[in-house]
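Asks: Starting off with a structure, shown below.
The values are calculated or read from the model by the stated rules, or taken from the named source; none is laboratory data. Keep in mind the model is a prediction, meaning the values are calculated, not measured. All Cβ positions, even for glycine, are placed from backbone atoms using ideal geometry, and neighbour counts span all protein chains on display.
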Amino acid sequence: MVNSGDLQALINLDELRSGAQQLQDFAYAYPERNRVFGGQGHNDTVNSLAEVLEATGYYDVTIQTFVELFSGGNSSLLVNGEAANSTLFTYTPGGSVNASIVAVDNLGCEAADYPPEVADNIALISRGECTFAVKVTNAAAAGALGAIVVSLFP
């Protein structure tokens, strides 16, 4: 039986920070720099958490296997013939597009943010406020051939 008070007494702020840093280290130990399911950063995280839980003596830990549905790929972006940094969203479909880039008003969270010129072009959308899925769905509904979501901050 787990005793909540005993378990809470084991919590230490320095150890929590150390644990958070370890999770970040798992992500940054590989070129992908993430802990996306199915990747080595994810596997390292799962194994580490299992060890931590087992060490408490409170839990019988079993790691279940599953087939993850994950897609990965490479991206390249040329703007006026010059290479620009880019990464793919998870589940991005394959293909290539050669079209003009049209800036979207506001943050692209509303259908009204997409000017008519977006149709048959690539929507340039600022990051923030709503999910990427909302932005990309709105771009597709406006007839965009693709979408680029940019962060104004490094």
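Asks: Val52 passes all but one of (1) more than 30 Å from Gly38 (Cβ to Cβ); (2) β-branched (Val, Ile, Thr); (3) in the same structural domain as Gly39 (by TED's automatic domain parsing); which number fails?
Replies: It is condition (1) that Val52 fails.
Asks: Another one. What pairs can you find where one residue is in the range 43-61 and without any contact (Cβ under 8 Å) to a residue 12 or more places away in the chain, the other is exposed (fewer than 14 other Cβ atoms within 10 Å of the Cβ) and in a helix (DSSP H, G or I), and their Cβ atoms are less than 8 Å apart, with a gap of 6+ or different chains?
Replies: Tyr59/Leu53; Val61/Leu53; Val61/Glu54
Asks: Given the conditions (1) surrounded by 14 or more Cβ atoms within 10 Å (Cβ to Cβ); (2) more than 23 Å from Asn34 (Cβ to Cβ); (3) of a type outside the set (Phe, Trp, Tyr), and given that Gly146 satisfies all but one, which numbered condition is not satisfied?
Replies: (2)
Asks: Still on this structure: From the list Val136, Val104, Val118, exactly one residue is surrounded by 13 or more Cβ atoms within 10 Å (Cβ to Cβ), among the aliphatic types (A, V, I, L, M), in contact with a helix residue (DSSP H, G or I) (Cβ under 6 Å, 6 or more places away or on another chain) and over 30 Å from Val2 (Cβ atoms). Which is it?
Replies: Result: Val104 is the single residue among Val136, Val104, Val118 that is surrounded by 13 or more Cβ atoms within 10 Å (Cβ to Cβ), among the aliphatic types (A, V, I, L, M), in contact with a helix residue (DSSP H, G or I) (Cβ under 6 Å, 6 or more places away or on another chain) and over 30 Å from Val2 (Cβ atoms).
Asks: Just wondering, is there one or more residues in the range 81-98 that are closer than 30 Å to Leu7 by Cβ, loosely packed, with under 11 Cβ neighbours inside 10 Å, over 23 Å from the mean Cα position of the chain (by Cα) and not β-branched (Val, Ile, Thr)?
Replies: No: zero hits.
Asks: Check the range 25-33 and report whether any residue there is more than 30 Å from Thr92 (Cα to Cα), touching a Gly at 6+ places or on another chain (Cβ under 9 Å) and surrounded by 11 or more Cβ atoms within 10 Å (Cβ to Cβ).
Replies: No.
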